[in-house]
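Read through the structure below, which is laid out as structure tokens, and then see the notes.
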Ligand code: PLP
């Protein structure tokens, strides 16, 4: 038993069965403690976590500087609504904006950040005297933007829409990286183009520079806003503070969440200065958004990334992962393609990837599989070279085993 546990994993699993809506497919372990890239279950088994917090724990589990900042903050104020000013919100807004652009609004999650961004885009083009306004949004196949109605409608994946209709009107979907397809969908009622600079849940699909630049030009020509969903790519995840900085294509609105406060619930959208007044008082709000607890965690997260040189470190560790799996691809034909941008790593297989998750977990490594065939890693920015190697070794063993199993089952058919 781990000292942080009060009971076995099984007891907690039984409790969930009785009291928690079973809409998640959960692995049968109860996690009780984490430190950096390691996490422990109730029975004391240690795991190397290469997908900490689904990308939220950008500094790994319970990073000491963030823990201290939270402890300091809770002794003074936990929650203050937006009818007052707080130093913490001002400081975190300054930290974000001085590394990006414009002005910021705080929410609590990625889906909320995207809802706000969609509302802002429509409000920006609202015609105060009534009549036709620009309201359509173009988003992309295999994108992921969240689960509330605006965000899930923007998420162009039929599996997430099943049974939910009617969805929010005014959305059109284009294939990713296909500028001509976007051009064909634009009309005078289109207010925004919304995309992830790297699709995460969609399988670590990277937008080309040409595509992003083309979208920027198209939005300028047709008077539309370019919205980047940087919920996953923001906060240093890709080796730059924000994903858009790779190619210098600045969006009009950028949404953030996940790693923004190193695991404390926090979302935000940032918009260019001239757009900000379109979010008129009374048109949007969040009770918890911008609360001092999340803000203190966010400030400490940015400070840690800066002080510990984690952007450069992230790029180095990314190369280490990429090189390892690219070499492996040469000897293991089940690997179709290796895609990475910073600490977003996708290994696309030509067989189903899901079995890799349980097999790695048995060997003490936590990973994710997405879009049927993609092994996905979102390691902490401060993962060490030794931990990268430890993870690569286990994943390699598992992929080799899966390759053997696939060839055995093919030869016995
Ligand atoms: N946008 C992107 C790119 C995401 O990856 C996610 C979550 O995975 C979301 C939005 C939704 O964020 P949340 O689950 O915090 O609502």
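Values in this text are rule-based calculations from the coordinates and carry no lab data. Keep in mind that what you see is a predicted model, and the values were worked out from it rather than measured. Every residue, glycine among them, receives a Cβ derived from its backbone with ideal geometry; neighbour counts consider all protein chains shown.
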- prompt: For residue 97 and residue 10, FRET efficiency with R0 = 60 Å and r from the beta-carbon atoms, rounded to 0.05?
  reply: 0.80
task: Pull out the extension gain between residue 274 and residue 18, defined as 0.36 nm times the separation in residues minus the alpha carbon to alpha carbon distance; nm, one decimal.
output: 87.0 nm
message: Relative contact order for the chain: what percent, with Cα pairs under 8 Å and sequence separation of 6 or more?
response: 20 percent
message: Give me the one-decimal Kirkwood hydrodynamic radius in Å for region 193-295, with the sum taken over alpha-carbon pairs.
response: 14.7 Å
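Restricting to region 64-307, compute how many DSSP beta bridges are antiparallel as a %, nearest 5.
The answer is about 40 percent antiparallel.
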statement: Rh (Kirkwood, all Cα-Cα pairs) for the chain, Å, reads 22.4 Å
message: Report the gain in length on full extension from residue 185 to residue 25: 0.36 nm times residue separation, minus Cα-Cα distance, nm rounded to one decimal.
response: 53.9 nm
- prompt: Modelled label-to-label distance, residue 62 and residue 250, 7 Å Cα→beta-carbon offset: nm?
  reply: 4.1 nm
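Percentage of Cα-Cα pair distances in region 64-307 greater than 26 Å, rounded to whole percent?
Values: 10783 of 29646 pairs.
Tail of P(r) above 26 Å: 36 percent of Cα pairs.
Could you please rank 361, 302, 343, placing first whichever residue has the fewest other Cβ atoms within 10 Å of its Cβ? Don't jump to the answer; show the numbers that get you there.
Working: 361 18, 302 21, 343 27.
In order of increasing Cβ crowding within 10 Å: 361, 302, 343.
If you take the beta carbon distance between residue 162 and residue 126 as r and set R0 to 41 Å, what does 1/(1 + (r/R0)^6) give as a FRET efficiency, to the nearest 0.05? Kindly include the intermediate steps, with their values, before the conclusion.
Working: r = 32 Å, r/R0 = 0.78.
Here the calculated transfer efficiency is 0.80.
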message: Quick check: pseudo-label points 7 Å beyond the Cα along Cα→Cβ at residue 320 and residue 404, how many nm apart are they?
response: 2.8 nm
message: Using Cα springs under 10 Å in a Gaussian network model of the chain, which residue among 236, 163, 53 shows the largest mean-square fluctuation?
response: 163
message: Taking a virtual spin label 7 Å from the Cα of residue 307 along the C-beta vector, which residues in region 29-67 bring their backbone nitrogen under 11 Å of it?
response: 64-67
Packing-based exposure ordering (other Cβ within 10 Å, fewest first) of 246, 145, 284, 274: 274, 284, 246, 145
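Beyond 17 Å, what share of the Cα-Cα pairs of region 340-395 remains, rounded to the nearest whole percent? Before the final figure, lay out the partial values.
Details: 527 of 1540 pairs.
Here the long-distance tail beyond 17 Å is 34 percent of all Cα pairs in region 340-395.
Hey, with R₀ at 25 Å, roughly what FRET efficiency would residue 284 and residue 384 work out to, going by the Cβ-Cβ distance, to 0.05? Can you show the working numbers first?
Numbers: r = 42 Å, r/R0 = 1.66.
After rounding to 0.05, the efficiency reads 0.05.
Hey, fewest Cβ within 10 Å first, where do 147, 410, 339 land in order? Mind showing how you got there, number by number?
Working: 147 13, 410 9, 339 18.
By the 10 Å Cβ count, ascending: 410, 147, 339.
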- request: Return the single residue from 134, 18, 258 with maximal mean-square fluctuation; model: Gaussian network over the chain, springs between Cα atoms under 10 Å.
  value: 18
Residue with peak Gaussian network fluctuation, the chain [Cα springs, cutoff 10 Å], from 294, 17, 88: 17
- prompt: Of all DSSP beta bridges located in the chain, what percent are antiparallel, nearest 5?
  reply: 65 percent
